[in-house]
Each structure stands twice: as structure tokens, then as C-alpha cells.
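Data first, discussion second: the structure below is written as C-alpha cells.
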There are 2 protein chains.
Amino acid sequence: MLNMKELDLQYPTCPVRNVLSRISDKWSLLILCSLQEGEIMRYKDLKNAIPDISEKVLSSTLKRLNEGHLINRKMYKEIPPRVEYSLSDMGKELMPAVQMMITWAQTHFDEITN
Amino acid sequence: MLNMKELDLQYPTCPVRNVLSRISDKWSLLILCSLQEGEIMRYKDLKNAIPDISEKVLSSTLKRLNEGHLINRKMYKEIPPRVEYSLSDMGKELMPAVQMMITWAQTHFDEITN
């Protein structure tokens, strides 16, 4: 998955190619939904909330969502260091649309998967 | 990309893992948006509308979206056979949420990609 700064050379202004396709994958959606519920979560909280995500993918997806400013990453200088994740204001603004898609998917789940 | 009938074994009822993650990739979104505009389109119309999609990916994505009942596929018994694609009613129902995400992405494009 490309990071948020690598624009599509052929279509550098396309919102689907450059933004949505990088945040609407399974793991990004699951992380955004977990943070919407959990509000402030640490890495291990997210790993518990999404048991089927690998540590590598959780780390890279958190990095990408933070680079894209959808989530905040706050580090406390403690020993060991504590890191907390939360939705940014911009990330929160996306969630009604994500929720609409989830409701649509739940409504039509049987039609789509049968 | 899994087809729509292959449920996630660990989470067989999850709308994100089983539905959204299979229709919110770049090519699915671009095809759905093209059909929303073009209404009834043939394969070559879609290829023209999305020049950077390969023939193989266009065919497999159309197949997956048709299997998931998001798009209709109508074949006319002519020589050569004519095939037309269009959004199904269920597909049309998804588009307001997709449009909301696109508007959000356009609004925050610079913040996200810089």
C-alpha cells in the first residue's frame, strides 16, 4: 500500500486514487472504527480489538493513518514510553460516511454474500 | 481479492471484513463512480473512463461487483454479443456514502497528501 504522500502520477488530484484507496482497506476501516469506539487507545488495545491483524500490518497502517492526519499519535516520555492513538478531528469527520457504508453492508449482507 | 462469497472464517458476520473491504478498493470505487455517471456502460466505455485500469483487473472487478449484486450485467444475444453494465438498486443505495467520502477527501486533500 502506497503511503499518503505518494501521489498517483497519472491522476495526481484524484480523491479516489490518492486518498480513499489508501484508507478504505479492511485494516484501516477496522482501526478507524475501533478508535471511534475506544476514543483513546494504545497499541495493545488496538491489537485486542482486532485480533486478526498482524503486528506488522497494525504498525504500518497506524503509521499511514497518522501520516495522513486521520489519527493522532501521542507519546508520553515515560519508561517504558507510552503511546496513545485517537481519531483526529478530520478522522472523526469521515466516520459518518464510514458508518453509512457499514449500515448499508449490514442491511444487504445476505444479498451480497450469497 | 477474495470474491464476495468467501466469508472471513474468524468473523463471518463482520460487514467490514466480508463486504466493505471487497468493494472499497480503488478500482471498485472508480467503476461504481463511473457507472453512477454513465448509467449504462459497456466494457470499452468503462475502459475509456478509467484508462489506468488493466483489462484483467477491469474484468475481475466487474465480475466481483456483479457477484455481489452491486452492478447489473445485461447481455444481448447479438453478433458480436453486446454486454451492458449498470448500478443495481443496491449499488445506487451505496453511492451517497461513497460521495460523502469523496467530498471529505477533496476537502482535506492537501492536509492528507502533504
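For the range B:4-22, a decrease in accessible area of 50 Å² or greater in the assembled protein chains relative to the isolated chain, with a 1.4 Å probe, applies to B:Pro15, B:Val16, B:Arg17, B:Val19, B:Leu20. For the range B:40-114, a crude dipole built from +1 on the beta carbon of Lys and Arg and -1 on the beta carbon of Asp and Glu, taken about the Cα centre, is about 520 debye to the nearest 20. Distance between the 7 Å Cα→Cβ label points at A:Tyr11 and B:Phe109: 1.2 nm.
Helical content of chain B, expressed as a calculated mean residue ellipticity at 222 nm, amounts to -15500 deg cm²/dmol (DSSP H runs of 4 or more residues, -39,500 (n - 2.57) each, divided by residue number, nearest 500).
Taking the protein heavy atoms of chain A in the context of the full set of protein chains, the accessible area attributed to carbon and sulfur is 54 percent at 1.4 Å. Based on the convex hull around the alpha carbon atoms, the protein assembly as shown presents an average projected area of 13.2 nm². Using a 1.4 angstrom probe on protein heavy atoms only, the contact between A and B buries about 4200 square angstrom of accessible area, both sides summed.
Computed over the Cα atoms of the range A:15-113, what is the convex hull's projected area averaged over all directions, in nm²?
Its Cα hull, projected and averaged over all orientations, spans 7.2 nm².
Label separation (B:Ser60 vs B:Glu84): 2.9 nm, computed from points 7 Å beyond Cα along the C-beta direction.
In chain B, the beta carbon lying closest to the axis that superposes B onto A belongs to the residue given here with its whole-angstrom distance, B:Ser24, 2.
Taking every protein chain into account, the accessible area of the protein assembly as shown amounts to 52 square angstrom per residue (probe 1.4 Å).
The values are calculated or read from the model by the stated rules, or taken from the named source; none is laboratory data. What you are looking at is a predicted structure, and each value in this text was computed from that prediction instead of being measured. Neighbour counts run over all protein chains shown; Cβ positions are idealised from the backbone, glycine included. Keep in mind that these areas ignore ligands, DNA and RNA; they rest on the heavy atoms of the full protein, side chains included. Shrake-Rupley method; radii C 1.70, N 1.55, O 1.52, S 1.80 Å.
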